[in-house]
There are 2 protein chains.
Amino acid sequence: MAYHDLDELDGKILKLIVNNARIPFLEVARECGVSGAAIHQRVQKLVNLGVIKGSEFILDAEKIGYETCAYVGLFLVSPSSFDSVVKELEKIPEVVECYYTTGQYDLLIKVFAKNNKDLLRIIHSQLQPLGLARTETLMCFKDAFRKKLPIDFS
Amino acid sequence: MAYHDLDELDGKILKLIVNNARIPFLEVARECGVSGAAIHQRVQKLVNLGVIKGSEFILDAEKIGYETCAYVGLFLVSPSSFDSVVKELEKIPEVVECYYTTGQYDLLIKVFAKNNKDLLRIIHSQLQPLGLARTETLMCFKDAFRKKLPIDFS
DNA sequence: GTTGAAAAGGGTCCCGT
DNA sequence: ACGGGACCCTTTTCAAC
């Protein structure tokens with residue numbers, strides 16, 4: 001169930017497919033020196049184990065109309081409201097990630113907005129009413145980089 | 001070049017493929033009531049426009065050996081060192097995201113580590129030597145949710 | 001756990017509209 | 001920009017090792 005059960009072939013496959021979800025498995029097979037059926041089964045196994053949680057296309061947020069991105073640290077009024085706040089946050093389309101964190105904030109969320117004014121609207125009209133004592137906004141004005149974790153089961 | 005050039009069919013296609021990069025385009029075609037060739041051309045157009053930046057498989061970080069996740073806010077000693085620090089950060093395998101932010105931190109990074117001890121090692125041995133005045137660690141002890149931005153060009 | 005082969009289906013390209 | 005069709009490659013399954 002854990003990564004201890006994964007061998008080098010699994011690692012090689014994951015490395016080849018993780019940044020290109022539409023790579024033909026036969027191409028992976030050729031790279032790995034095994035049959036296409038083997039890759040098919042291995043990938044199926046990785047899905048069944050939950051190692052592979054799914055696949056997605058990566059879209060450019062700006063090009064679909066979201067020019068502003070921010071992390072917002074949330075301070076809850078009452079700690080007992082954690083779960084209900086999270087539930088409400090999940091309903092807000094612009095809130096794309098949410099973490100329970102240690103440190104100064106109770107929750108940390110990632111928010112996209114059409115522009116700065118739209119972000120302000122989201123914070124004031126959507127977030128504040130959920131029962132927050134305070135919020136702290138970290139605007140991301142540049143995505144310096146983004147990459148994948150290393151994969152190595154050797 | 002922007003989302004203003006995208007129509008409802010583009011939106012429908014993106015909605016169908018964004019959470020499943022391996023969906024057959026012919027299935028998308030049937031859902032949209034157009035030919036496979038049309039989907040093929042549209043997707044190609046979206047890639048050329050940069051709306052689609054790529055595709056990926058989503059892996060479970062825990063299941064490939066990374067049990068700890070944290071955001072770390074960085075305070076630089078000197079503002080002039082931004083770019084060189086970012087360059088060095090990018091070389092650290094465990095640092096998967098990096099943002100220039102407004103607010104209290106100069107930079108905000110997302111870090112995965114094998115465990116808490118490993119995270120401490122990364123912060124002390126890898127991050128601190130880069131010329132940081134201070135760091136502030138927000139451990140993520142639960143990933144409450146993670147979803148996609150809404151797509152709507154109607 | 002892996003293989004090769006067969007059947008079914010999808011991806012890609014070209015031409016016509 | 002889209003549709004139809006042809007061709008080739010890929011996916012998926014299964015018996016056999």
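The values are calculated or read from the model by the stated rules, or taken from the named source; none is laboratory data. Please read these numbers as outputs of a predicted model, since none were measured by experiment. Using ideal geometry, Cβ is built from the backbone for each residue, glycine included, and neighbour counts are taken over all protein chains shown.
Taking helices (runs of 4 or more DSSP H) as the structural unit, those lying wholly within the stretch A:21-135 and holding at least 1 residues that are touching a strand residue (DSSP E or B) at 6+ places or on another chain (Cβ under 7 Å) correspond to A:36-48, A:82-91, A:116-121. Restricted to the stretch B:24-35, and to residues there that are more than 10 Å from DNA strand D (Cβ to nearest atom) and not acidic (Asp, Glu), the residue that is surrounded by the most Cβ atoms within 10 Å (Cβ to Cβ) is B:Val28.
Residue by residue, here is whether (1) small (Gly, Ala, Ser); (2) within 13 Å of chain A (Cβ to nearest Cβ); (3) more than 8 Å from DNA strand C (Cβ to nearest atom); (4) over 19 Å from A:Asn20 (Cα atoms) holds:
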site	(1), (2), (3), (4)
B:Leu6	no, yes, yes, yes
B:Ile13	no, yes, yes, no
B:Leu16	no, yes, yes, no
B:Asn20	no, yes, yes, no
B:Phe25	no, yes, no, no
B:Arg30	no, no, yes, yes
B:Ala37	yes, no, no, yes
B:Lys45	no, yes, yes, no
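Residue-level check: of (1) under 30 Å from A:Phe112 (Cα atoms); (2) without any contact (Cβ under 8 Å) to a residue 40 or more places away in the chain, A:Val18 misses just (2). Of all the residues in the stretch B:47-69, those that are near DNA strand D (Cβ under 10 Å from one of its atoms) and either modelled with pLDDT under 95 or closer than 18 Å to B:Leu26 by Cβ (or both) number 0. Just one of (1) within 8 Å of chain B (Cβ to nearest Cβ); (2) under 30 Å from B:Ile52 (Cα atoms) trips up A:Thr101, so point out which. Result: A:Thr101 passes all but (2). Could we say that B:Phe82 is farther than 24 Å from B:Ala144 by Cα, touching a Ser or Thr at 6+ places or on another chain (Cβ under 8 Å) and either at pLDDT 95 or above or surrounded by fewer than 19 Cβ atoms within 10 Å (Cβ to Cβ) (or both) here? Criteria not met by B:Phe82. Selection within the stretch B:123-154: residues that are more than 9 Å from chain A (Cβ to nearest Cβ) and of a type in the set (Ser, Thr, Tyr). The member of this set that is surrounded by the most Cβ atoms within 10 Å (Cβ to Cβ) is B:Thr135. Filtered by the rule that a residue be aliphatic (A, V, I, L, M), part of a loop (DSSP other than H, G, I, E, B) and over 21 Å from the mean Cα position of the chain (by Cα), the stretch B:1-20 gives B:Met1, B:Leu6.
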